[in-house]
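Here's the structure we're looking at; comments come further down.
The values are calculated or read from the model by the stated rules, or taken from the named source; none is laboratory data. Predicted model, so just to flag it, every value in this text is computed and none were measured. So basically every Cβ, Gly included, is an ideal-geometry build from the backbone, and we count neighbours across all protein chains shown. Please note that ligands, DNA and RNA were not included when accessible areas were found on the heavy atoms of the full protein model with its side chains. Shrake-Rupley method; radii C 1.70, N 1.55, O 1.52, S 1.80 Å.
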Amino acid sequence: MMNFKDFSVKDKLQILTGKPKTTQVDSVAMDKILALLPDGYVERIPKIVRKHATTKTIERIANEHPDLYAIAKQPGELPADAKSVLRQAVTDIFDQKMQKYNIK
């Protein structure tokens, strides 16, 4: 088993800094982003895993598109350009998950 001291200085720095991860989801941003989904997408997810699936999707968007997530967290309407990019991103993620778990 490797210990932290076994890594090179460059690897140690990368381990310590790493990619920042979002752990909490802003409910305002979540509502705005989920509203961009086509009708019926969220309802197709089984109720038992729906909250987990939507939360993890928003966390993924926050990690992959932090600038758009920051815009979604702000009060008011989303700008048209941010809305179109977020709509595409959230729809793609849901499509991937639905294919993976064979949800029609």
On average over all directions, what projected area in square nanometres does the range 22-63 have, based on the convex hull of its Cα atoms?
2.9
Once phi is turned into ³J(HN,Hα) by the Karplus curve 6.51 cos²θ - 1.76 cosθ + 1.60 with θ = phi - 60°, what whole-Hz value does each residue of the range 76-89 show in order, with x for glycine and proline?
x, 6, 7, x, 4, 5, 5, 4, 5, 5, 5, 4, 5, 5
Inter-probe distance in nm under a simple model that places probes 7 Å from Cα toward Cβ, at HIS52 and ASP95:
2.6
Pairing the Cα long axis of helix 47-64 with the longest principal axis of the chain, what angle in degrees results, from 0 to 90 and rounded to the nearest 10?
60
With a probe of 1.4 Å, find how much accessible area the chain has per residue, and write the answer as a whole number in Å².
72
By a straight-distance test (C-alpha under 15 Å), which aspartates and glutamates pair with LYS56 as possible cross-link partners, with residues fewer than eight away in the same chain excluded?
ASP26, ASP31, GLU64, ASP92, ASP95
Among [x] 15.5; [y] 14.2; [z] 15.9, which is the computed Kirkwood radius over Cα pairs in Å?
[x]
On full extension of the chain, what length is gained from PHE4 through ARG44, given 0.36 nm per residue of separation minus the C-alpha to C-alpha distance?
10.0 nm
